[in-house]
Structure formats: C-alpha cells, structure tokens
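Asks: What follows is a single structure, and I will ask about it in a moment.
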Amino acid sequence: MLKFPDGFLWGAATASYQIEGAWKEDGKGESIWDHFSHQPYRIQNGDTGDTACDHYHRSSEDIALMKSLGLQTYRFSIAWPRILPVGTGPINPKGLAFYDQLVDHLLEAGIIPCATLYHWDLPQTLQERGGWANRESADWFADYARVMFDQLGDRVKFWSTLNEPFVSSFIGYGEGRHAPGIADTSMAYQTAHHLLLAHGKAVQAFRDGGYPGRIGIVLNLSHYTPAGPSEADQLAYQRVYEQNAGLFLSSLFKGSYPEYLFNWIGSTQQPKIQSGDLETISAPVDFMGINYYMSFKVAYNPLGDLMRAHVEQISSPGWGQTDMDWEVHPEGLTAILRHVSDNYTKIPLYITENGSAFPDVPDENGFVKDPARLNYLRAHLTAAHRAIEAGVNLKGYFVWSFLDNFEWALGYAPRFGIIRVDYKTLKRTPKQSAYWYQQTIQNNGFDE
Ligand code: IFM
C-alpha cells in the first residue's frame with residue numbers, strides 16, 4: 001500500500017460561480033461571469049451559471065455528502081458580489097450569512113474550511129470601473145478580503161487570496177475566452193500585476209488583523225520542458241515558462257519579475273509597476289496551492305504569436321485524451337512539485353486542484369462507473385507521493401471537483417466531479433471514483 005505521511009490532508013474543491021447558482025438572489029450583485037454568460041455565443045450551448053448545481057440552496061445536503069465520503073477539508077470560493085453587490089461599499093448581510101453558515105456546518109461535520117477569496121467572479125460594477133486593469137482593484141480586493149477575514153477569520157483555517165491569476169489575466173484579458181472577454185496582451189500583463197498586488201495587499205490585511213488561520217495563493221502550474229536541445233527551443237521554452245509560471249512564482253517568492261520575458265515583450269507590453277509593489281507582492285505566505293492538469297513541450301516557432309513558440313501537450317503512454325482534449329501526464333506533477341520546491345520555496349505545498357473530465361455514462365440510477373477518472377486520480381496521487389519521497393513539503397490534496405459543475409466557456413459538457421449531478425433534477429450521485437477516494441482517505445493511501 002502506498003501510504004501518505006500522517007496528517008496529510010484529503011479534500012475536494014469547487015468554486016462559487018461553478019456550483020452555487022442563485023445568481024441574483026438574496027441581494028447578490030451581478031458578476032462578470034453572470035454578465036458574460038448571458039451574452040450569445042460566449043459559452044458552449046448558451047449555458048450559464050444561473051442555477052448551476054444549486055449549491056446555494058443545497059449546501060447542507062452537499063456537506064452531508066462530503067462527510068459521508070470522509071473528506072477532511074473542503075475548498076470553496078466566495079462570490080465577491082454576494083458580499084459586496086457593487087464590489088465596494090455596503091455589505092449584503094444575506095450573502096455573508098450564507099458563507100457563515102457554510103463554515104459552521106463544515107466545522108460541525110468535522111471538515112476544515114479552506115476559503116478562496118477570488119475564483120474569477122468579479123462584481124460587474126467593478127468591471128465597469130476598469131476591472132483588474134484599474135490599479136485601484138488591488139485596494140478594492142483588500143477591502144473585500146478584510147470584510148471576509150473579520151467575518152470568518154475565527155473559523156477558516158486556510159485562506160487563498162486568488163485562484164489561478166494567470167487564467168484571470170491571460171485568458172480573461174489576453175485571449176478573451178473568459179470573462180470579461182477582452183483580447184489585449186498588454187492589458188493581460190497589467191492585470192496580472194494588479195492581481196498580484198491585490199494578493200499582496202490582502203496578505204498585509206490578514207497579517208495586520210492577526211487572524212488565527214493561514215494564508216496563501218493558488219497557481220495553475222503545468223510542467224514545461226524544451227522540445228529539443230537547440231538554443232532556439234531552450235529560449236522558446238524559457239519565454240513560455242516565464243509567462244505562465246515564472247511571472248507569478250518569481251514575483252511572489254523572489255520579489256522580481258522574470259527579466260528575459262520582460263525584455264522580450266518590451267516596454268509597450270510591460271506592466272506599469274510602482275516602487276514598493278514587488279515588496280508587497282512578495283510578502284511571505286504560509287502555504288502555496290498548485291493546480292495541476294497537464295504538461296507541455298515547447299519548440300521555437302518563427303510563425304508563433306508573441307512568444308514565437310509551438311506549445312504541445314505531453315502525453316504518457318496508455319492514456320487517451322480527457323473530455324477537455326487534455327493529454328494526461330502524471331509524471332509532470334512530480335516534476336512541477338520538485339521544481340517549485342527546488343527553486344522557489346520550502347513552505348507547505350498543497351495540490352489544490354487535480355482531476356479530469358471523462359465521458360460519464362450513468363446507469364438507470366444515475367451511478368457512474370468511472371475507472372478512467374479513478375485511474376487518473378491514482379496515477380496523480382502516486383506522482384504526488386514520489387514528490388514527497390523526494391523531499392517536497394507536500395501537505396495535502398484536493399480533487400477537482402467535488403461535483404460536476406459549470407466548466408466556464410465549455411458550460412456543463414465536461415464533467416469533472418467525483419459526484420454526478422443530474423442537471424435536470426439536481427440529484428447528486430457519488431461515482432465509483434468517489435468511493436475509491438473515500439477508501440483512500442480512510443487508509444491514508446491505496447494499493448498500487
Ligand atoms: O474548472 C476549472 C477551475 O475553475 C480552475 N482550474 C481548472 C478547472 C478545470 O478546467
């Protein structure tokens with residue numbers, strides 16, 4: 001049996017817009033995702049998060065399910081516009097009450113609450129003031145964070161400031177595939193900087209308030225490798241790595257932005273930075289979350305976009321593609337964990353997301369046999385274990401996702417959950433992988 005260290009934390013993750021629904025209930029304001037998904041052709045099949053999994057009304061049932069599976073911790077995110085409907089100013093007591101109760105119920109069920117302050121649902125009113133492209137966004141975020149720390153700081157043990165700032169900036173503002181749907185590369189760099197600044201200011205607010213929990217940030221990190229030994233491939237790799245990972249890791253843990261990337265993109269694309277910003281961004285955190293899904297090899301491509309690179313997914317033998325057209329490469333998880341530990345930080349690391357969407361076929365009772373997902377989880381946990389053996393300070397693992405949910409631009413088509421949601425009846429049915437995960441938690445490991 002592959003045993004994990006004592007105290008290794010087992011959990012599952014979700015995000016507010018992807019599961020809550022109740023998009024305009026109890027005083028909630030509009031978010032950029034409400035706004036975006038209500039526009040034609042932004043989302044596959046015209047799907048929206050209006051109802052999603054209706055978790056807003058079913059959180060007790062969901063927590064009972066978590067308990068029955070033996071989850072030790074639950075990672076959820078808070079919808080900023082539920083708390084501050086227009087982003088700043090008046091607090092919505094009903095929104096606050098929802099998360100207050102959620103945390104209390106989790107604790108009653110013996111589940112450690114792990115709260116993310118921002119998983120992409122910015123209040124639309126703030127978008128109309130420029131969103132993350134406006135430098136003031138860092139202060140708006142710190143003020144919102146303070147409201148949440150004051151309300152839940154006595155009970156929430158783990159706080160993440162941001163989920164995947166790369167995606168918010170480069171997919172939301174660079175490519176426009178995500179809300180707010182802007183395609184402007186220089187804005188992507190600027191918003192990345194403001195998001196990082198917002199993170200730093202929230203950490204400062206947390207330290208100033210002396211709250212008892214721990215605070216960190218969650219990055220989506222892939223494993224990157226050069227396609228070949230040529231200098232052209234090596235440098236293409238460096239550009240792509242620095243844009244996707246180095247930009248965030250280096251500013252957070254070394255207090256500087258990657259020099260090569262910044263020279264490459266030149267002064268017209270570089271973000272405007274004020275003195276003191278990088279000190280704020282690199283204020284020490286207590287843990288880091290890594291979301292891992294895939295690995296890439298990078299070759300020089302003279303016809304490529306700004307990075308002049310051809311980026312191709314790496315697949316390990318024997319795995320088909322997932323429903324997202326993602327290849328599967330568990331070894332990349334060991335590699336990225338070792339990379340972070342060797343080059344950036346020895347603070348506790350958590351895998352805050354890992355999982356896969358495969359075509360699920362429910363039987364007449366809604367039960368899904370999902371050996372592919374189960375094997376995926378086992379292979380990635382084995383890879384995580386290898387990193388621990390190599391000395392990485394890895395302290396826990398969260399499956400993405402607890403429930404099938406709204407997969408952003410792809411709507412409800414890809415199903416990532418270990419629990420099936422029938423979107424017509426909203427009935428929840430644990431899949432085979434959920435029962436495997438339950439056993440794994442119980443044994444603190446699994447048979448290889
Ligand atoms: O569903 C997303 C999640 O919101 C952020 N990380 C990746 C997941 C799968 O695409």
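Asks: So which of G355, G417, G411, G396 ends up being under 19 Å from the mean Cα position of the chain (by Cα) and either acidic (D, E) or more than 21 Å from L9 (Cβ to Cβ) (or both)?
Replies: None of the other options fit; the residue is G411.
Asks: Restricting to the range 108-142, and then to whatever is of a type in the set (S, T, Y) and outside any strand (DSSP E or B), can you tell me which residue is farthest from V203 (Cα to Cα)?
Replies: Step one: list which residues in the range 108-142 are of a type in the set (S, T, Y), which gives 116, 118, 125, 137.
Retained after the next criterion (residues that are outside any strand (DSSP E or B)): 125, 137.
On the way: T125: 24, S137: 15 Å.
Among those residues, the one meeting the criterion is T125.
Asks: Tally up the residues in the range 24-74 that are more than 24 Å from K431 (Cα to Cα), among the hydroxyl-bearing types (S, T, Y) and in a helix (DSSP H, G or I), please.
Replies: Within the range 24-74, the subset more than 24 Å from K431 (Cα to Cα) is 24-46, 48, 50.
Pick out the ones that are also among the hydroxyl-bearing types (S, T, Y) and you get 31, 37, 41, 48.
Checking which are in a helix (DSSP H, G or I) leaves us with 37.
Residues that pass the stated criteria total 1.
Asks: Scan the range 355-394 residue by residue and report those that are farther than 17 Å from Q321 by Cβ, in a loop (DSSP other than H, G, I, E, B) and of a type in the set (D, E, K, R).
Replies: D363, E364, K369 - these are the residues of the range 355-394 that are farther than 17 Å from Q321 by Cβ, in a loop (DSSP other than H, G, I, E, B) and of a type in the set (D, E, K, R).
Asks: Return the residues of the range 321-345 that are in a loop (DSSP other than H, G, I, E, B), closer than 26 Å to L374 by Cα and either more than 16 Å from the ligand (Cβ to nearest atom) or touching a Cys at 6+ places or on another chain (Cβ under 9 Å) (or both); say none if nothing qualifies. Steps first, answer last, please.
Replies: First pass over the range 321-345, keeping only residues in a loop (DSSP other than H, G, I, E, B): 321-330, 344-345.
From what is left, the residues that are closer than 26 Å to L374 by Cα are 321-330.
Matches in the range 321-345: P330 only.
Asks: For the range 211-258, give me each residue that is of a type in the set (S, T, Y) and either outside any loop (DSSP other than H, G, I, E, B) or more than 20 Å from Q270 (Cβ to Cβ) (or both). Walk me through how you get there before you give the answer.
Replies: Kept after step one, since they are of a type in the set (S, T, Y), are these residues of the range 211-258: 211, 222, 224-225, 230, 237, 241, 250-251, 256-257.
Y211, S222, Y224, T225, S230, Y237, Y241, S250, S251 - these are the residues of the range 211-258 that are of a type in the set (S, T, Y) and either outside any loop (DSSP other than H, G, I, E, B) or more than 20 Å from Q270 (Cβ to Cβ) (or both).
Asks: Sticking with this structure for a sec: Looking only at the range 262-294, how many residues end up being in a helix (DSSP H, G or I), surrounded by 15 or more Cβ atoms within 10 Å (Cβ to Cβ) and of a type outside the set (F, W, Y)?
Replies: First, pick out the residues of the range 262-294 that are in a helix (DSSP H, G or I): 262-269, 277-281.
Then keep just the ones that are surrounded by 15 or more Cβ atoms within 10 Å (Cβ to Cβ); that gives 262, 264-265, 269, 277-278, 280-281.
Going one step further and asking which of them are of a type outside the set (F, W, Y), we end up with 265, 269, 277-278, 280-281.
Adding up the residues that qualify gives 6.
Asks: Step by step: first the residues of the range 395-409, then only those that are outside any loop (DSSP other than H, G, I, E, B) and crowded, with 22+ Cβ neighbours inside 10 Å, then the one that is farthest from the ligand (Cβ to nearest atom). Which residue is that? First the steps, then the outcome.
Replies: Filtering the range 395-409 down to residues outside any loop (DSSP other than H, G, I, E, B) leaves 395-400, 403, 408-409.
Now drop any that are not crowded, with 22+ Cβ neighbours inside 10 Å, which leaves 396-400, 403, 408.
Details: G396: 17, Y397: 15, F398: 11, V399: 11, W400: 6, L403: 11, W408: 6 Å.
Selected residue: G396.
Asks: Inspect the range 88-107 for any residue being part of a loop (DSSP other than H, G, I, E, B), away from the ligand (no atom under 16 Å from the Cβ), surrounded by fewer than 22 Cβ atoms within 10 Å (Cβ to Cβ) and among the polar types (S, T, N, Q) and give the result as yes or no.
Replies: yes
Asks: Let me ask something else about it. Filter the range 159-188 down to the residues that are aromatic (F, W, Y), surrounded by 24 or more Cβ atoms within 10 Å (Cβ to Cβ) and over 20 Å from S77 (Cα atoms) and list them by number.
Replies: Here is the first cut: in the range 159-188, the ones aromatic (F, W, Y) are 159, 166, 170, 173.
The next check asks that each one be surrounded by 24 or more Cβ atoms within 10 Å (Cβ to Cβ); those that pass are 159, 173.
Within the range 159-188, just Y173 meets the criteria.
Asks: Might you let me know whether the range 343-363 holds any residue that is closer than 30 Å to A232 by Cα and touching a Leu at 6+ places or on another chain (Cβ under 7 Å)? So that I can check it myself, show each step before the final result.
Replies: Applying the first criterion (closer than 30 Å to A232 by Cα) to the range 343-363 yields 343-345.
Among the residues that remain, those that are also touching a Leu at 6+ places or on another chain (Cβ under 7 Å) are: 344.
Within the range 343-363, one or more residues are closer than 30 Å to A232 by Cα and touching a Leu at 6+ places or on another chain (Cβ under 7 Å).
Asks: Search the range 410-426 for residues being within 23 Å of P40 (Cα to Cα) and out of contact with any strand residue (DSSP E or B) (no Cβ under 9 Å at 6 or more places or on another chain), and hand back the single one that is farthest from the ligand (Cβ to nearest atom). So that I can check it myself, show each step before the final result.
Replies: So in the range 410-426, the residues within 23 Å of P40 (Cα to Cα) come out as 410-415, 423-424.
After this cut, where a residue has to be out of contact with any strand residue (DSSP E or B) (no Cβ under 9 Å at 6 or more places or on another chain) as well, the list is 410-411, 413-414, 423-424.
Values: L410: 8, G411: 12, A413: 12, P414: 8, Y423: 16, K424: 22 Å.
This residue is K424.
Asks: Turning to a different aspect of this structure: State the number of residues belonging to the range 14-33 that are within 16 Å of the ligand (Cβ to nearest atom) and over 23 Å from V399 (Cα atoms).
Replies: Our first condition is that a residue be within 16 Å of the ligand (Cβ to nearest atom); within the range 14-33, this holds for 14-21, 31-33.
From what's left, over 23 Å from V399 (Cα atoms): 31-33.
Total meeting the criteria: 3.
Asks: Residue check, P317 against (1) within 28 Å of G210 (Cα to Cα); (2) free of Cβ contacts under 8 Å to residues at least 12 places away in the same chain; (3) not hydrophobic (A, V, I, L, M, F, W, C), all met but one. Which one?
Replies: Looking at each condition in turn, P317 falls short on (1).
Asks: Output the residues belonging to the range 355-380 that are within 15 Å of S295 (Cα to Cα), surrounded by fewer than 23 Cβ atoms within 10 Å (Cβ to Cβ) and within 16 Å of the ligand (Cβ to nearest atom). Spell out how you get there, then give the answer.
Replies: Step one: filter the range 355-380 for residues within 15 Å of S295 (Cα to Cα), giving 355-356, 376, 379-380.
Now narrow it down to the ones that are surrounded by fewer than 23 Cβ atoms within 10 Å (Cβ to Cβ): 376, 379.
Selection gives Y376 alone.
Here, each number is a calculation from the coordinates, and none is a lab measurement. Because the structure is predicted, anything quoted here is derived from the model rather than measured. Every residue, glycine among them, receives a Cβ derived from its backbone with ideal geometry; neighbour counts consider all protein chains shown.
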